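Undergrad: Could you have a look at this structure, given as structure tokens, before my questions?
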Amino acid sequence: MRILVYDVAAENGGAVTVLNWFYGIHKEDKENQYVYLLGKHTLENTDNITVINVPEVKKTWLHRLWFDYIGVKKYLCDYKIEQILSLQNTDIPFCKLPQTVYIHNALPFSEHRFSIDEDKKLWIYQNLIGSMIKQSIKRANIVIVQTNWMKNEVVRQTGISETKVQVVFPEINLFEDVIWLPADKCTFFYPASDARFKNHDVILEASKLLYQKGITQFRCVFTLKGNENSRISRIQEEAVDCGMDFLWVGQQNREQMSDWFAQSILLFPSYLETVGLPICEAMSVGAPVLLSDCLYARDVAKEYANARYFVKDNAAALAQLMEVCIVKRQDNGGAR
């Protein structure tokens with residue numbers, strides 16, 4: 001069978017990780033022939049995989065829309081495609097071939113609904129592009145998602161049969177040989193980007209509440225530089241003004257990440273994730289995790305004994321959980 005793997009959108013981050021994962025699987029499949037139709041990301045041709053790059057589709061959204069609706073049809077005919085696997089959340093419109101759509105963007109299905117005032121771009125994606133994604137799901141023959149919570153929400157929000165949805169949890173390289181041994185000073189670690197929904201503000205507000213109670217023997221470590229945008233800069237400046245031990249370490253390599261997970265408590269207040277990779281990584285070393293009480297977190301942590309939850313914007317609730325960890329560390333001989 002000749003199968004088109006369609007992913008002109010993938011350029012970096014998680015989308016490329018998903019693309020490379022399927023590429024590795026398909027290289028070992030000698031029964032089928034694959035045509036990878038990509039944008040700028042490059043892969044090597046193999047005996048059973050033909051890679052075609054069309055970087056011009058990345059110029060503007062109009063170029064992309066034209067290619068999705070019209071330009072791609074040429075390749076379907078030229079390569080006598082019999083089946084399509086789309087890795088970019090949407091199907092190829094007006095195409096009668098059997099299609100499988102891989103959904104890895106949680107935004108349209110998140111319980112947090114963005115307003116225009118909160119974030120215009122995320123509102124547009126969640127509502128307008130989200131509607132396109134949901135229509136694609138309804139048309140697709142098979143839908144693949146990464147987690148059970150995504151499957152439940154896809155079924156609930158589109159009305160399709162659950163038998164049409166397959167859950168394929170992403171392959172994750174965990175720190176299974178690392179043992180959690182907490183630092184002397186209670187350390188909270190938050191590996192995250194500077195996106196608004198990563199919710200760094202609640203950590204600042206919770207820390208202020210702890211300092212007001214005289215609880216200061218802890219530090220918070222972020223994988224940012226502290227100057228990524230005006231909001232992050234404000235958090236960094238307020239932490240300095242309050243004398244807080246906020247450590248901005250920037251992007252970390254795998255070995256450095258392993259060291260932080262091995263000595264820290266994971267703080268994860270994000271309210272928009274598909275999987276929440278750092279949660280899996282922290283659990284693999286046995287670290288306690290303090291999580292925003294969202295569908296993705298409940299799904300990933302499940303029955304993990306060292307997981308505690310707080311309402312995403314409730315700084316007081318987070319402060320209480322942090323205080324329990326700090327006091328416990330002091331009682332066990334940590335820094336006072």
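The values are calculated or read from the model by the stated rules, or taken from the named source; none is laboratory data. Quick caveat, the model's predicted, so the values are computed rather than measured. Every residue, glycine among them, receives a Cβ derived from its backbone with ideal geometry; neighbour counts consider all protein chains shown.
Undergrad: Only one of these conditions is not met by Phe94: (1) over 23 Å from Lys312 (Cα atoms); (2) at pLDDT 95 or above; (3) of a type in the set (A, V, I, L, M, F, W, C). Which number is it?
TA: The one condition Phe94 does not meet is (2).
Undergrad: Let me ask something additional. Kindly indicate the residue of the range 206-217 that is in contact with a strand residue (DSSP E or B) (Cβ under 8 Å, 6 or more places away or on another chain) and closer than 19 Å to Ser292 by Cβ and also surrounded by the fewest Cβ atoms within 10 Å (Cβ to Cβ) among those meeting that condition.
TA: Leu210
Undergrad: Another question, then. For a quick check of your reading: which helices (runs of 4 or more DSSP H) sit entirely within the range 104-185 and have at least 3 residues that are buried (at least 18 other Cβ atoms within 10 Å of the Cβ) and touching a helix residue (DSSP H, G or I) at 6+ places or on another chain (Cβ under 6 Å)?
TA: Output list reads 130-139, 148-158.
Undergrad: Could I ask something else about it? Show the residue pairs meeting these rules: Cβ distance below 6 Å; 6+ apart or different chains; first residue within the range 87-98 and touching a residue at least 40 places away in the same chain (Cβ under 8 Å) and closer than 13 Å to Asn141 by Cα; second residue basic (Lys, Arg) and surrounded by fewer than 23 Cβ atoms within 10 Å (Cβ to Cβ).
TA: Short answer, once both residue conditions are applied: Asp91/Arg139.
Undergrad: Filter the strands (runs of 3 or more DSSP E) completely within the range 1-57 down to those with at least 1 residues that are closer than 21 Å to Asn89 by Cα and under 24 Å from the mean Cα position of the chain (by Cα).
TA: Here the list reads 2-7, 33-38.
Undergrad: Given (1) touching a residue at least 40 places away in the same chain (Cβ under 8 Å); (2) among the small types (Gly, Ala, Ser); (3) farther than 20 Å from Ile84 by Cβ, identify the lone condition not met by Ala140.
TA: Answer for Ala140: the failing condition is (3).
Undergrad: Which condition does Ile203 not pass, out of (1) surrounded by 17 or more Cβ atoms within 10 Å (Cβ to Cβ); (2) not in a helix (DSSP H, G or I), if it passes all the others?
TA: The one condition Ile203 does not meet is (2).
Undergrad: Condition test on Asp299, is it out of contact with any His (no Cβ under 6 Å at 6 or more places or on another chain) and without any contact (Cβ under 8 Å) to a residue 24 or more places away in the chain? Step through it out loud before you land on a result.
TA: Details: out of contact with any His (no Cβ under 6 Å at 6 or more places or on another chain): yes; without any contact (Cβ under 8 Å) to a residue 24 or more places away in the chain: no.
So Asp299 does not fit the description; no.
Undergrad: While we're here: For the range 230-265, enumerate the residues that are assigned to a loop (DSSP other than H, G, I, E, B) and either touching an Asp or Glu at 6+ places or on another chain (Cβ under 7 Å) or surrounded by 18 or more Cβ atoms within 10 Å (Cβ to Cβ) (or both).
TA: Going residue by residue through the range 230-265, those that are assigned to a loop (DSSP other than H, G, I, E, B) are 242-245, 249-253, 264.
Hits for the range 230-265 are Met244, Ser264.
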